Structure formats: C-alpha cells, structure tokens
1. Please go through region A:816-845 and give me each residue that is open to solvent by 20 Å² or more (accessible area, probe 1.4 Å), touching a Lys or Arg at 6+ places or on another chain (Cβ under 8 Å) and more than 16 Å from DNA strand C (Cβ to nearest atom), ordered by number.
2. Would you point out which residue out of A:I508, A:I490 is under 25 Å from A:I632 (Cβ atoms) and open to solvent by less than 10 Å² (accessible area, probe 1.4 Å)?
3. Out of everything in region A:509-530 that is within 30 Å of the chain's Cα centre (by Cα) and in contact (Cβ under 8 Å) with a residue 12 or more places away in the chain, what residue ends up being nearest to DNA strand B (Cβ to nearest atom)?
4. Is it fair to say A:Q792 is more than 16 Å from DNA strand C (Cβ to nearest atom) and not basic (K, R)?
5. Report the residue count in region A:692-723 for those that are more than 16 Å from DNA strand B (Cβ to nearest atom), under 38 Å from the mean Cα position of the chain (by Cα) and surrounded by fewer than 16 Cβ atoms within 10 Å (Cβ to Cβ).
6. Condition test on A:D594, is it more than 11 Å from DNA strand B (Cβ to nearest atom), in a loop (DSSP other than H, G, I, E, B) and within 27 Å of A:L843 (Cβ to Cβ)?
7. Restricting to region A:817-842, and then to whatever is of a type outside the set (A, V, I, L, M, F, W, C) and within 17 Å of A:T481 (Cβ to Cβ), can you tell me which residue is nearest to the chain's Cα centre (by Cα)?
Amino acid sequence: MSSKIVLIDGHSILNRAFYGLPDLTNAEGLHTNAIYGFLTIMFKLLEEEKPDYLTVAFDVHAPTFRHKMYAEYKGTRKPMADELRQQVPVIKEVLQAMGVKTIECAGLEADDLIGTLSKRCERKDMEVVVISGDRDLLQLATEHVKIRIPKTKQGRTEIEDYYAKDVFERYQVTPEEFIDLKALMGDTADNIPGVPGIGEKTATKIITQYHSIETAHDHVEELKPPRASKSLNEYWDLAVLSKELATINVNAEFSYELSEAKLGNVYTEEAYVFFQKLEFKNLLSRFDVAAPANKIEDGFRIITSKREAEEIFAKAEKAQTTGTVLFKDMENVLPLFADQAGLGGIGLCFSNEAGFCIKTGNDISGEWLLEKLADVAETTDTFSMFHLKESMDQIKIRKPENCFDVSVAAYLLNPLKNNYTWEDVAREHLDLMVDEKADQEIKACYEAYTNYASVEVLSRKLADTKMDTLFREIEMPLVFTLFDMEQNGIRVEAEALKQYGNQLACKIGDLEKEIYEEAGETFNINSPKQLGVVLFENMKLPGGRKTKTGYSTAADVLEKLAPEHPVVAKILEYRQYTKLKSTYADGLANYIQDDGRIHGKFNQTITATGRISSTEPNLQNIPVRMELGRLIRKVFIPEDGYRFVDADYSQIELRVLAHCSGDEHLIRAYKEQSDIHRITASQVFHIPFDEVTPQQRRNAKAVNFGIVYGISSFGLSQDLSITRKEAAKYIDDYFATYPGIKTFLDHAVTHAKEEGYVVTLFGRRRPVPELSSSNFMQRSFGERVAMNSPIQGAAADIIKIAMIRVNQKLKKQKMKSRLVLQVHDELLIEAYEPELEAVQKILKEEMEHAAKLKVPLEIDMHTGVNWYEAK
DNA sequence: ACCAAGGTC
DNA sequence: TCCTAGACCTTGGTA
C-alpha cells in the first residue's frame, strides 16, 4: 500500500481559524483562537487521514511574492491583524513541540512549497492530501492529490474534498484549466484581479471551449458575449498577470527531507506543557500520558476507618493551613437526583506531602465528618475552600476570619472569567494538571491540595497586586454576609402572586385576540421572526432591517412605528404583560420554598466590575419603573411582626465620580445642593438655578448618566433623540464646566492603555484587553469600560462595606431584624417591629459612612408592609 | 447553544 | 470609515 502525506497551508488555515472563531485569550493575555482552530482542524484531519507523513508550510512573511505583486499593483492588501500576527510564532513552536515538520522558504509562497511537494510525492507514488482555505490550490488536484477546503457553515466546520474529477464536476474544467478560469474571473479573496466584466459563468464558458486564456485570446474575435470579447482584448495584460498570480510553481527549488516529516506521536510531554499554557483544556484530554509524573498523587490516601480519620483530623486541627472539599455520595443515588445525594466524603490536605480522602460509610457518618471539619475550621489558622459559601450550610463556621475562599481570590486576580473552577486554579496558579479520568476520591484529594497550596500562592499574588486588603476586609467578610442573605430569603405571598398572574393572563388573552384580528392572521407574537414578517411584509408597515436574523421588533423600533397602525401599540402592551407573567408571576412562583420564602443566590464571582449578581431567581431586576410591573412588589412581604426598611444611595456613582475626579465644581455642587441634575443644568447651560426648565434638567440628567457609562455623543444623542452634533455640544459644555472630570476620565483611559487594567478606590482591578484591539469598535468599548469600571466598581465596593457592617451590627446586637436583599445601591431589611428605629439608625449610619469621600454619601430610606410600599 | 427581547441599577 | 452608553439575568423561539 502506498504511503500518504498531509500538507497543510499554515497561514491559510490560521487565517480561517482566526476569523472563524471568537476571540480567545489565555491568562497571560495572548490571543489563542487561531492556534486553537488550527489545531482542531489538524487533529480532525489526522484522525480522518491517518497519514504517514505530515508537513505544514508557511510563507516567510505574509504576504509575499505573487500576492505582494498584486498588493503593490492595487495597494489594497490589509496588514495582518496584531491579534493574529502574535499567534504565528506560537503555532510554529507548538508544532515543533509536537514533532511536526514545518517548512518555509524565502522567496517562495506556501502555495509553491505545497505544489512542489505534492508533485514530488506523487512521483514517489504517494497519496497526497492538501489542506488549505485557498481555492487556488485546486489546480494541484489529481487522481492521487486530494485538496481539502474547510468551510465554516453556521459555526460548524465542514470540509469540501476535491480530486481532479471533483474539480471538473464543480467547475467543469480540469485542475490545469482552473488556473485559466481564475485568471479570467479573478478572485478577490486571493487578490487575483481577473478580467473586468467576466464572471464565473462567462469564464467557464470560455475555458471549456478554448481550455486556456492564450487560445481564447487567439480567437478573441469569436468570443461569444461581445462584451467578453472586448474585455479580454482590452484587459489582456491583466489576464496574463492574473494567470501568473494564480499559477502555483510546482518545480520550486528547495531542500526537503521526507524522513523529517515522518509522523510520530504528536502528543508529547513538551506539547502538553504548551497546551497547558495556552489553556486548551479540551485538547488536553487527547494526551493519554496525563500530567508528567506527579509526585503529589503518590501522597494521596483514601481513608475509610474512623480511627485513621481521627488521627488525620487531630493533625489538621494543629495545621497552619488546611484545604478542604466536600463531595456527594453519588454511588447510592441516581444521577437525576444528584441534589438529594448525601455526603460521600471529604478531601483534606494540610501539607505538601499528603492528601486525604475520608469517605462516609462503615462507622464514619456524614454528621461526624462535618463536625470534625467545623472543629478544624476553627483551630487551623487558615481554612481554605473553593466556593466556601456553598458549603456553609453543611460546615458551621465559627471563625470567619480564619477562612480563605480560593474562588474569590482567583476572581479578584482575574474578574473576567465566566466561571471559576478549582481545576483552573490548579493549572493557572499551581501549574498542576489533574487527570480528568481520575476517581472522585483522587479528585477530592487534588481539590483539597489545590485549596491548601493556593493559599500561599494567591495570597502573594493578591499582595503583589495590592488587593490583599480588599480581599481580607471586603470580599471574605462578604462571603458570610451573602450566605446570611441567602439563608434569610425573602417572604413571597404565593396566593397573591398567583392572582396577579391570573389577571395578566386575562389581559394577555384579550390582547392576543385583538392582535390576530387586526393583523388578519394568527401567529406566534412571541416570535420576533414571525412578528417581523407579519408587520413588515404582510402588513407592509414601513421599517428597515436591523438584526442579523431579520427585522428588529425591539420596543424602541415599535414605538416609532406605533402611529402607523393600532396593532403596534397592542403588541407592545402584549409584550409587557407576557414579560411580567412569564418572568415574574410564573417565574418567581417556582422559587417559593416550603417556608414561604424565596432563597435566591447572590453571586460574588460573576461581574467584571465587582458588583454582586443575583440568580435563581434574579431578585435584582424586579420591576419598579412602570406602575403595572411595580405592583408585583406588593407580594414581597415581611414576616408577621416585621416591617421592611429599604434604603438606597442617592446617585452613588456620580458622587464617586465627584470624589475620584476631585473636580471642585462638582464637589461644591454636591455640598450645596441636593438636586444635582438641576444644578448641573444650571451650570452647564449657564442659567440661574431657579430658571432651569424640566427639559433642561432631563438633558442634564442624561448627560450625567452618560458620563458614568463612558460617554459618547452617539449614545447620548440616541437617549435624548437629538442630533449627534447637539449631543457633542452638551458633552463639550459639560467638560468645560467640570474640567476635573475630563482629566479624570482621560487619565483612566491612559492608565488602562499603559497598564492594561483599571483600578477602583479600594484597589479592585479590571483588565481591559479590548484596548489593544485593532478593531475600532472593540477599542472604543475598551475606552468606555476604562471610564465606567472604576466608578461602578468603587460604588460596588462601598455598598459591600455597608452591607457587611449592617449585617454584622444586626448580629452583634442579637437583633431579629435581618438583611434580605441587595440591589446594587439599595439594601432591604426585614426589621422586627420593636427594632424598627434602631435598624433605621444602623442603616443610615453604616451606609453613609461606609466610605469617607469628598462629597457626602446620602441615602433615601422608607418603611412599609411590603416592598412596593418600602421603596 | 444562540439570539432577541426586556427587566433592574 | 467602523455606528456604539456601563453592569447583569431570564425568558421564549429557533437552529
């Protein structure tokens, strides 16, 4: 049987991968999407083809030679994006680490290398497989040379295969003639000009008849569409140049030793290290030699006897640092009922030498384990866990100050990740890879070890980045505050909620009928796609395209459309009602527990800015702006004998901005007047304070908001329905009035560009990788992020401090009153009636003095028998 | 799994 | 020129 070689067009595949995949970066900020895509394609290929030889060809510089000729000719070729350029040397190193032969040669394009190699190999009776995104290479196809072209179709990569006969089938020309075809029709992707006025159809006709441009030129007078005849005559030079550009040199001179391309095991240890660095987690599973021999694992032990367990606990109690994990007993439970599983055991680690997995069963009960663990948590100096809050309902923590939550530390060090796992921490911070196929006992040891060992590493990194205080004094105490809030939950009247839902259902039913009638057909109003067709095609309402998938039916679009037809307003109303019913009435009802309360989750490691997020359900977006939606707050009620106290900061972000910028005018404005929007209007528009019109105040308010978001004239003009020019004028006037703010925002962007991150008052960091993007949109986004994050982040820090202190005070004074919600600038307390006044005092005191700024922090506070009333 | 939509601060 | 406000979460529809 003949042997087989795979030839890969390196730059072409990298390019394809780069533009076909979303941006990926590793912890060091290196872009990796092209490398990742390249490797996936390569692996797929190796599996399918099982070749004996493999070679990847690169251009020396991209672009070179033939392409450069045309680039100069036309001067259009864009430089390679920076994000892609930086990946080129890396992929070469990775390939080298995998023992894959790469080839590049000055003065020769990858095409020429591949063309020449394919001919040389074919002569040796080998099977050749060429992979490239470049259709130019189809000219190389023969009976034994297969050209494979990957295509991205709706996210999936499909590969088109071409032997000579397939080229003929697809283009009705032979591979050799394909060059001439290209010479006539051109190819913008490959930078081949072609002959103007001749497209695929005409070109095919001409080449099938004359087989080459030269013959066609000889018979130029006879060419069928007179237009083509004229064109070929006129642009003959261009045709010749195009053919030259399109022709791949199959007889290039360069040295190449086939034996070097012999494909061995690409899953080498060296490559493994690269894959780790690049964070290609799912590619790592391909390496069957897991992590390079691990000493740590030798020290892991599985404990099933109580006597041994007791000895270990005794040592742990005296240990300086203890890493722990709980795991479920999945052996005695069906996967579907995982949440009902009992405790299967724990992982425990308090030295570099050993790790233990202590299992329940025999004479070791779950309760006993958890009690011992609570003792350890109290006596060890540092008790470390991952997502500590999620274990706190099982392990009673008596000394919060001993605790270290690895997930929170990892979050502070990089708040941009969308999830935090101990495996990631092990890899990123400890250079430790965990075998995915390991048993749960071994995994428990690994996690315990990770939690143990990362204390030192992460503490040092937090100190290095000056976030140790933030971690110790805000984030760690917050873990306990959030835990308390989750435990407390909030009481919701299920009956009233149901009634509210029923009322909505009636309205929805009526509206549905009316809409169908006016539209003249029935359809799914909830489907933006169907709705778009009904409105803009069937009913012929004026309106343009907006989204990728079709017509936009967003509220602002429909609002503009409302005067055109009465059905539009009804649709808007229908939307409102269905939103309320599905998300809030029905949605919330599903979360009411047996105790009549909703115990939502408050997440600490989600947002990029440092805010808390709320899920299952989201209690931070309960309607308030529209009266109809606001009514839902009436079903949130305190326990009997209690009342709600709701306190929210007044414009905390603007006040933070005033403080951080140090702008004297804004600071004075805050000290003198409480109506900041009015005073802004007065100062920016140069009008006496008392003569500010409501419209002027509204405009000033919009500008104030815009500033906080990282202003752009376009955004502001959208918001105020004014021209961009007018909006730009507002912004200019604003900055003229408050020059300190301009300086501050500019500085934030400059700092972010230089350092790669922005910082809040309290030292919280947010990296801004977008600022180094070559894409204008991305970069602009980065600039807004740089302006917004320090402000939003500092505000988040302040309320975190406040809520920690409020909660601690309530507990210290043994009050029955309890914190139930945080909504970014608002705290809701379920206050025991006898404690009502004390609670209000605590709230005011702690919230207003959470931070000492150059402007006062003020709050609004209300009480009520439900949330509607208290807000 | 993704998008469009829409709810909050 | 690029056509854009910051931070989230849940829903229903569609591929």
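The values are calculated or read from the model by the stated rules, or taken from the named source; none is laboratory data. Given the structure is predicted, the values throughout are model-derived calculations rather than measurements. Positions of Cβ are generated from backbone atoms using ideal geometry, with glycine treated the same way; all protein chains shown enter the neighbour counts. The protein model used for the area step is the full one, side chains on, heavy atoms only, and it has no ligands, DNA or RNA in it. Shrake-Rupley method; radii C 1.70, N 1.55, O 1.52, S 1.80 Å.
1. Listed by number, the residues that qualify are A:Y832, A:E833, A:E835, A:L836.
2. A:I490
3. The qualifying residue nearest to DNA strand B (Cβ to nearest atom) is A:P528.
4. Judged against the criteria, A:Q792 is not a match.
5. 4
6. Criteria not met by A:D594.
7. Among residues in region A:817-842 that are of a type outside the set (A, V, I, L, M, F, W, C) and within 17 Å of A:T481 (Cβ to Cβ), the one nearest to the chain's Cα centre (by Cα) is A:H824.
This table checks each residue for (1) within 16 Å of DNA strand B (Cβ to nearest atom); (2) more than 16 Å from A:E653 (Cα to Cα); (3) part of a helix (DSSP H, G or I).
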residue: A:D733; (1), (2), (3): no, yes, yes
residue: A:T743; (1), (2), (3): no, yes, yes
residue: A:D746; (1), (2), (3): no, yes, yes
residue: A:G763; (1), (2), (3): no, yes, no
residue: A:R779; (1), (2), (3): no, yes, yes
residue: A:G782; (1), (2), (3): no, yes, yes
residue: A:N788; (1), (2), (3): yes, no, yes
